[in-house]
1. Just order 92-101, 232-241 by mean Cβ neighbour count inside 10 Å, highest at the front, would you?
2. Express in nm, to one decimal, how much length is gained between Ser19 and Ala320 on full extension, taking 0.36 nm for each residue of separation and deducting their alpha carbon distance.
3. Projected onto the charge dipole of the chain (+1 at Lys/Arg Cβ, -1 at Asp/Glu Cβ, origin at the Cα centre), which of Ala209, Gly45, Gly118 gives the Cα projection farthest towards the positive end?
4. Taking R0 as 30 Å, what FRET efficiency do you get between Ser238 and Leu208 from their Cβ-Cβ distance, rounded to the nearest 0.05?
5. Could you list Ser19, Ser253 in order of exposure, starting from the residue whose Cβ has the fewest other Cβ atoms within 10 Å?
6. Which value in nm describes the separation of the simple spin-label points at Leu201 and Leu99, placed 7 Å from the Cα toward the beta carbon?
7. Distance in nm between label sites at Arg39 and Lys111, each 7 Å beyond Cα in the beta-carbon direction?
8. Using alpha carbons only, what's the Rg to Rh ratio of the chain with Rh from Kirkwood?
Amino acid sequence: MAERRKVTIRQVADAAGVSPATVSLVFNGKGEVAQATRRRVLEIGTQLGYRPGSMSKVFRSGRAYIIGVVVGHSGTPIWELTYLPYYRGIIAGAAMEALEFGYSITAMPVKPSGDLGGPIRPDGIIVVDPGPDDPLIKSAIDDGMAVVSAGGHSSSVESPRLRSVRYDLDHGVPAALEALQDVGASRPAFFRGSVIDEYTLESQRVYLAWCATEGIEPLVFIIAPGQTPIEGARELLSGVRGEFDAVYCINESYASAITTAAAERGIPVPETLAISVAGEAHSATVDPRLVYLNLDPITLGAQCAKLLIDILEGGDPDDAQLPMGLDRPGQLP
């Protein structure tokens, strides 16, 4: 079967008795073209199977219709285990939302200087887990891009082209800690990595505020640079930092390290050590012994893309906040 050749704008113009420029105006909805001519060009274009190239849209607008997703922590030793699955969900959610509006998604590297790398200049970027006053945000805004941070930000930059989507940690983290109290825990520890980003810092801030309200002495354990999660978990459970009977983990890799270290020491979970974790309660690796503070990376990515596209299309959206529900997989019917 012969391959069908693409119909060109010149062929439509010749068949309709007009110039290629008129065909372009008609199919792009631009300019002043007589209604009779417009109808004739559209009818002939449809009959011939003409499809305007997507590059014409790019040239008309001066935009690439590309959104970059910039992920952090990619240089850390535990990147693949701890962060990569979560970031894949964000990219997938952003891609599905962007497709509805005619945009493409690409993952973007960051240079050591803090500037974007790669050969493509996107119209805007989604910055996942930015650090405090992240230089990438300022660099992108100064370069004329729109920016949405996934996880919140504390940038000193103020711009109508900068927005954020964050989880409602102010309600979510206390709910997860109270769930530990509900099973008899009296002093939950807070287990996190050494990477400094807005999500981690905000989670810790809420934990400390909750401890102050409850009259509980906080215990924050930060995995040392170069230390693996399991090594940190073993150190925490050794008791060198003090006594505790529960742990709140900021992601599932850290929770897995705690459960592994607990099994090595013969500590029953959750009977002796209760654990809550910010993670995906419906993933394939769910542990029914844990309480999950639900993170939804697909929804987060989709919401970030929606906000970013709104900005790019001339809108002025508000920052967004995602609710966080609790799941107890072991109690599901």
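1. Going from most to least packed, we get 92-101, 232-241.
2. Taking 0.36 nm per residue and subtracting the Cα distance, the gain is 103.6 nm.
3. The listed residue farthest towards the positive side: Gly45.
4. 0.85
5. Ser19, Ser253
6. A separation of 3.6 nm, rounded to one decimal place.
7. Between Arg39 and Lys111, the simple spin-label model gives 5.6 nm.
8. Computed over Cα atoms, the ratio is 1.14.
Read-outs: derived from the displayed coordinates by stated rules, not from any lab. Treat the numbers as computed from the prediction; the structure is a model and nothing was measured. Glycine also receives a Cβ, built like all others from the backbone with ideal geometry; neighbour counts cover every protein chain displayed.
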